[in-house]
Amino acid sequence: MALPINIEQLFDGATVEWERIEYKKGWNPNEIMHTVSAFANDINNWGGGYIIIGVEDNNGKPILPPYGVNEDTVDKIQKELLNYCNLLKPTYFPIVVPIIYKDKYIIVIWVPGGQNRPYKAPKDFYSKQKDYKFYVRRYANTVPAKEKEEKELYNLAGNIPFDDRICFNAEVSDFKVSLIKEYLYDVKSDLYDKVTDIQVEVLSRQMNIIEGSQEFIKPKNIGILMFNDEPQKFIPMCQIELVHFLETSADDVFIEKVFTGPIHEQIRNVLKYIKNSIIKEKVIKLSDQAEAIRVFNYPYPAIEETIVNAVYHRSYEERNPIEIRIDKEKIVIVSYPGPDKSIRKEDIDKGEVIARRYRNRRIGEFLKELKLTEGRSTGLPKIIKSMRINKSKKPIFETDEERTYFLAKLYINSYFLNQDKAQDKAQDKAQDKMDLKKLEALCINVTEKEIVKLLSKKVMSKKEIALKIGYKSITGNIKRAFQRLLKEGIIKYTLPNKPNNRNQKYKL
């Protein structure tokens with residue numbers, strides 16, 4: 001068995017926060033089982049956590065190389081762990097994976113948030129008379145729950161985040177294995193090498209994206225959202241809708257796009273569109289200083305963080321898409337519903353939101369592993385900082401008293417509003433030259449560079465380009481150049497849905 005996360009990333013704390021990892025030098029049943037219970041209770045909806053046996057820690061961080069576990073005791077520890085898990089009320093069984101790391105055996109216990117919380121554990125697993133208690137994670141420690149926290153756990157009973165619930169109208173066969181394989185490759189999981197050798201059900205259990213007994217296995221919503229080509233069939237409106245007004249929202253001239261598919265691909269595709277079609281750079285020469293300044297109309301990190309936050313924190317039970325509206329002055333991103341009422345509106349206005357509990361514990365987990373989010377309540381401060389560094393106006397965050405929506409406004413940098421048209425034209429021309437040089441640098445031979453140069457002036461057919469370059473017909477050399485340029489995204493079809501159409505042309 002292997003983990004759906006790279007062990008190196010687990011150790012460096014970049015993907016999984018230190019609060020969700022506990023290191024143990026050796027097998028200590030009482031402490032370890034209390035932590036299993038606490039992670040399973042998942043009072044903060046963090047997505048559970050990991051216990052690593054055979055590794056010492058220093059202030060919560062691992063001491064490497066690992067101390068290790070004696071090879072002869074690995075099976076014994078797993079059997080004892082199974083017996084102790086039967087003593088939890090209700091019973092709970094984590095995913096246990098022995099790993100050889102730096103020539104030493106370690107045991108990784110992955111404890112996802114439980115479906116039947118709250119869980120109680122004996123205070124002393126060795127005692128004949130068992131005194132049961134609830135355990136929770138408080139920062140990076142496992143502690144007995146206080147009375148208030150016990151009430152909170154009971155309130156959470158049966159309240160499983162939507163992304164971690166079963167998708168009853170889907171089947172395991174609805175998973176696209178190629179998407180799972182691509183994800184495991186991206187996160188450098190050891191499971192990647194085993195995808196073709198194990199059944200989808202076994203793979204899905206190891207990734208915790210299915211639930212149920214052997215005779216009634218169903219995908220979880222997170223599995224459908226991440227690993228199905230059309231999750232909208234099962235979870236309506238889980239998409240991003242973008243409207244790009246060339247001037248103001250009152251005009252009739254606009255571009256409309258709907259981004260569907262796996263949610264992480266939606267993020268990548270909408271960001272790709274914005275990066276290619278919206279973001280521009282200016283070099284501003286100031287009279288009172290020798291050094292010019294470079295600014296963007298919108299800083300990319302601010303847009304990226306805002307869109308990822310919307311995908312992460314929206315409700316997938318509400319049939320409302322994420323909306324992005326772009327005009328010549330601003331980008332507005334709206335998601336539904338708004339933040340939890342425990343977060344003060346004044347803090348939202350300041351961008352100082354500290355979320356104690358997350359709406360989608362599994363989405364955050366997957367996006368963090370893909371390096372698309374940090375998940376440490378750093379979103380709004382990061383957006384504000386990016387805008388400030390770009391010398392842009394401070395963003396505005398809005399919600400209503402009932403928290404039915406959350407809106408973020410990113411205003412265009414003032415340099416892009418106040419420059420005269422002649423300077424804009426000159427700047428755009430310089431930018432085009434810069435972009436052309438970048439594209440030419442991606443070419444691997446003279447033929448590809450010639451194609452890129454010709455397409456920088458106008459759209460052309462393959463035959464027209466071949467004649468311009470000096471060929472009387474479309475040779476194998478031309479065909480190979482086109483195939484690679486298309487594959488790398490350097491050029492694209494003018495009729496993308498009809499690649500073999502006789503009127504097909506190409507553009508950068």
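The values are calculated or read from the model by the stated rules, or taken from the named source; none is laboratory data. Only a predicted model underlies this, so the values are computations on that prediction, with no experimental measurement involved. For neighbour counting, all protein chains shown are included, and Cβ atoms are generated from backbone atoms with ideal geometry for every residue, glycine included.
What to note about this one:
- Single match in Glu346, Glu352, Glu374 (criterion: in a helix (DSSP H, G or I) and at pLDDT below 85): Glu346
- Any chance Glu201 is among the acidic types (Asp, Glu) and assigned to a loop (DSSP other than H, G, I, E, B): no
- Segment 263-339 holds no strands (runs of 3 or more DSSP E) entirely within its bounds that carry 2 or more residues that are touching a Cys at 6+ places or on another chain (Cβ under 6 Å).
- Just so you know, in segment 99-142 the residues that are in a loop (DSSP other than H, G, I, E, B) and among the hydrophobic types (A, V, I, L, M, F, W, C) include one that is farthest from Leu87 (Cα to Cα), and it is Ala140.
- Considering only residues in segment 144-161 that are of a type outside the set (Asp, Glu) and exposed (fewer than 14 other Cβ atoms within 10 Å of the Cβ), the one that is nearest to Asn45 (Cα to Cα) turns out to be Asn159.
- Long-range neighbours under 9 Å by Cβ, at least six apart or interchain, first residue farther than 15 Å from Leu454 by Cβ and in the same structural domain as Cys443 (by TED's automatic domain parsing) within segment 465-484, second among the charged types (D, E, K, R) and surrounded by fewer than 14 Cβ atoms within 10 Å (Cβ to Cβ): Ser473/Lys463
- Cβ separations smaller than 8 Å between residues 6+ apart or across chains give the following pairs from segment 386-398 residues that are on the phi > 0 side of the Ramachandran plot and in a loop (DSSP other than H, G, I, E, B) to residues that are β-branched (Val, Ile, Thr) and surrounded by fewer than 14 Cβ atoms within 10 Å (Cβ to Cβ): Lys391/Ile293.
- Exactly one residue out of Asn58, Asn83 is among the polar types (S, T, N, Q) and farther than 22 Å from Asn6 by Cα, and it is Asn83.
- Of note, Phe227 satisfies the criterion of being aromatic (Phe, Trp, Tyr), in contact (Cβ under 8 Å) with a residue 40 or more places away in the chain and either within 19 Å of Lys368 (Cα to Cα) or not assigned by TED's automatic domain parsing to the domain that holds Val96 (or both).
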